[in-house]
Structure formats: C-alpha cells, structure tokens
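Working notes, beginning with the structure itself.
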Amino acid sequence: MIRHVSLVALTAALAVVSAQSISAEELQPLVDEPSRADLFAQFIVPKTKEQDDQARASALLGPFVFPLDTTFDKTKNRARANAIFGIDISHYEGANIQFDQLKQQNVRFVYAKATQGIGYKDGRFGEYWAALAALPPDKRVSRGAYHFLSSSGDSVAQADSFLKFLEENGGLKSGDLPVVLDLEWDIATKNGPDRWQGHHPDEILDKVVAWLKRVEEKTRKTPIVYTAKAWWRDRGIPEEKFARLSHYKVWVADYSKSSHAVEIPVVPNNSHFDLWQFTEQAQLSAGYGGKLDANIYYGNDKKFVSDFQIR
C-alpha cells in the first residue's frame, strides 16, 4: 500500500513538471474530439425527449436568433429586462466569426475553449483571444477562457498547462471574465463511453476542487464551474456533494424544453446558477452563418460586472 501511494504521488509530481515544461507550440491541437453538440446528442437528448414533448413553447426554445430574441420575449410579448446574453466557441466554429459585429447583435460576452487535459489546445484559441482583445471600445465584448477537464492526468497539472497556455497568448486582463472549468462527459470518440466511469465520486470532486483552487490562487479571480445535472446523475454522484463547489460560480447546461418553458434550468442539488447555456442552435443575424451555443445571465450590467469580478 505504501509503495502504491508513493508511485501515485510520483506520477502526479512528474505530470506537474511535464505540464510546466510544455509550451503552446508543443501542445497538440484538438481536431476531432467530440463537440459539445455531440455530447448532448448522445447523453441529453434521449433523456429529455419525453418531458420535452409535454412542454409548452418558450422564447428561449428557438430558433433563437440574435439580437431580436435577446431584447424581446416573443412568448410573453414584451421587452426583455435584466437579461444579458453571450456565446461560447471552440475551433468547431472555424475562422468565420466576425467579432466586430457581435456587440451590435447584443452578444455581450464570449467564452473560448483554450485547452483540454494536459497536452491539448484548441487551435483557434489564439486568434479568437487576440481578435476579442483588439476590438475597439464601441464594439468590445467581455471575453473569457475555459478548460475541459480530462478524467486522466493530474488536475493541478491540467490547471498549470491551461494557465501557461493563456499566458503565452497574452494572458488574462483585469477586464476579462473569470476562467471556467468544463466538467462533463469525457469521451474519446462519438458514442464512446464516458471516461469518468469507474472514478469514485470523491475522487472526481477532489480533482475538480484541486483545479479550481490552483486557478483561483494564480488568477486572483474565483473560477466558474460549467456542468450539467444529467452528468452528475450518470456518474452516480450524490447531489448533496455539489455543496463542495459552493464557493464557485455555476454555469449550467440544460437544453430541455421544460426548463425553457419556465426559464429555470435544473441544477445539481437545486443550487443557484449564474449562467445558463440553453441551446446549441442559436444563430446570428449577421457575421456568422453556423449554429452557436447561447447563454443567458439574469441581472443588470452593474450586477454582471460585480458577479464576474470585472475590473
């Protein structure tokens, strides 16, 4: 037993050293990893179809188009108030997003995928991050970066790799959003098994908390956890254990029509949520022809700045 613990500790230590020595050029670009749309098609859609068939219409249900649906609730036939919308992107969106057209369409923030695990980067992150930084004041939107937590590899090493990659791409500025940890199904190929299977709930949460603590220590901002209640259920994690993450902001993914109907997503342990990703099928009226993940924050500008530690 002592020997086993020593080997585990040694492996973790070597992983940290390895992560610290990997430059942005040495990270492998993500190419054909399952997209978020793939994950939800495999794990979420089959489980929500029955309840969706019984749900009533909603403005968030779709098709959701920027900017009209951000300012007018077509279900209640009235203007929207205290709602801020944003998108999240990865290399799957390609090079065709015209960032200078986002603000006029009421896209107020953008989160971009930076890294996955220890050895992988999103090949588009550098250009996205730079393009968002270069926007003139009248077209500027808030930007943020996220890391996809892999079930394999020390989570502190993953945090260090992520932070180093950010720094090599210009780093975080005082006006940037807190970084995000993406905690969801970790599959190698479409329709493959979730590689979190076989990991004890406490082991998973230990990895999550270790990543979050490391990043908060280095960035001086409280990071955000992106997750979905369905993943917690699939992994058999008792929802009361979600309390271990109570220090952090929560970004919840829920595409179910029943949640759209009342504009309240389901969150593990019925916890508070700060951001809600409600669709992967949103569209821009100009500046990009594909589908996008759309997110909503309920609150005014002053509260948004305060909640997300924008300085």
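Bear in mind that the values in this text are calculations on the coordinates, not laboratory data. Only a predicted model underlies this, so the values are computations on that prediction, with no experimental measurement involved. FYI the Cβ positions are ideal-geometry reconstructions off the backbone, even for glycines, and counts take in every protein chain you see.
Roughly how many Å is it from the Cα centre of segment 62-118 to that of segment 200-225, as a whole number? The two parts, judged by their Cα centres, are 27 Å apart. Our summary gives segment 164-311 a relative contact order of 20 percent, counting only alpha carbon pairs under 8 angstrom and 6 or more residues apart.
Could you pull out the pairs from LYS74/LYS257; LYS173/LYS302; LYS241/LYS303; LYS113/LYS213; LYS213/LYS302 whose alpha carbons sit more than 22 Å apart here?
Details: LYS74/LYS257 16 Å; LYS173/LYS302 19 Å; LYS241/LYS303 28 Å; LYS113/LYS213 20 Å; LYS213/LYS302 27 Å.
In this structure, LYS241/LYS303; LYS213/LYS302 exceed 22 Å between Cα atoms.
In nm, to one decimal, how far is the modelled label at ARG220 from the one at GLN104, with both set 7 Å along Cα→Cβ? Result: 3.7 nm between the two label points. In terms of other Cβ atoms within 10 Å, LEU275, LEU135, LEU284 run from fewest to most in the order LEU135, LEU284, LEU275. Within the shell defined by Cβ-Cβ distances under 14 Å, the residues around SER152 carry a net charge of -3, with Lys and Arg each +1 and Asp and Glu each -1. Listed by Cβ neighbour count within 10 Å, with the fewest neighbours leading, GLU184, GLU203, GLU216 appear as GLU203, GLU216, GLU184.
Here r is the Cβ-Cβ distance between GLN281 and ALA81 and R0 is 30 Å; the resulting FRET efficiency, rounded to 0.05, is 0.80. Centre-to-centre separation between the Cα atoms of segment 168-183 and those of segment 261-311: 17 Å. If R0 is taken as 22 Å, the Cβ-Cβ distance between THR71 and ILE264 corresponds to a FRET efficiency of 0.60.
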